[in-house]
Amino acid sequence: MPFPQLTIHRRDRPNRALITLAGEIDLESALLVRTALALCLRDGIRTVDVDLTPVTFCDCSGLNAFLYAAQKTAEAGGTLRLHHPPPTLGLILDFTGCGFLLRGPPPGHLAPPLGDVPAPTTEAPPHRPVPLGSVLSGDAR
C-alpha cells in the first residue's frame, strides 16, 4: 500500500493551533487529518484553524474528517475553521450546504485576523443555514 501524499504541520499558540495541510486528502489520508485534529483537542486546543492553501485535492473522506473534528471541537467548547479550501472541497461544501459549519461566519461578518493564515483572494459564496444535526445525519437538503 502506498503512503498517503499528505504533509501536516501544526503551529500552537495558547489555546489555538494553525494546522497546515499540504497534498491530497482522500480515503487513505483522511485518518491522518482526523488524528491530527483530535490531538489538538487532547492537548487542550479549543480554536483550530486549518489552512488548506497547499492542498491539491480533497474528497468527501476529507469532508467527513473535518465535519467530525468540527463537531468534537464544538462539543469541547471550541471552533474549527477551514481556510482556502481547494476547488474540489469548495464544490463539495457548496453542494452539501455545510460550508458554513467549516468556513466560519457568512460574508459581512468578519472574523478577527488569524495572523499566519493569508487573507482570502476571493469572497466565499453565500451560506444557507442547515442545523448541524441534520448535516451530520445526512438529512441536509
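Quick note: the coordinates plus some simple rules give every number you see, no bench work behind them. Only a predicted model underlies this, so the values are computations on that prediction, with no experimental measurement involved. Backbone-built Cβ (ideal geometry, glycine too); neighbour counts: all protein chains shown.
So what's the net charge close to residue 68: Lys and Arg +1, Asp and Glu -1, counting the other residues with Cβ under 12 Å from its Cβ?
+1
Tell me, Kirkwood radius of the range 1-109 from alpha-carbon pair distances, in Å?
Result for the range 1-109 stands at 13.8 Å.
Can you work out the FRET efficiency for the pair residue 22 and residue 60, with r the C-beta to C-beta distance and R0 = 22 Å, to the nearest 0.05?
With a Förster radius of 22 Å, E is 0.65.
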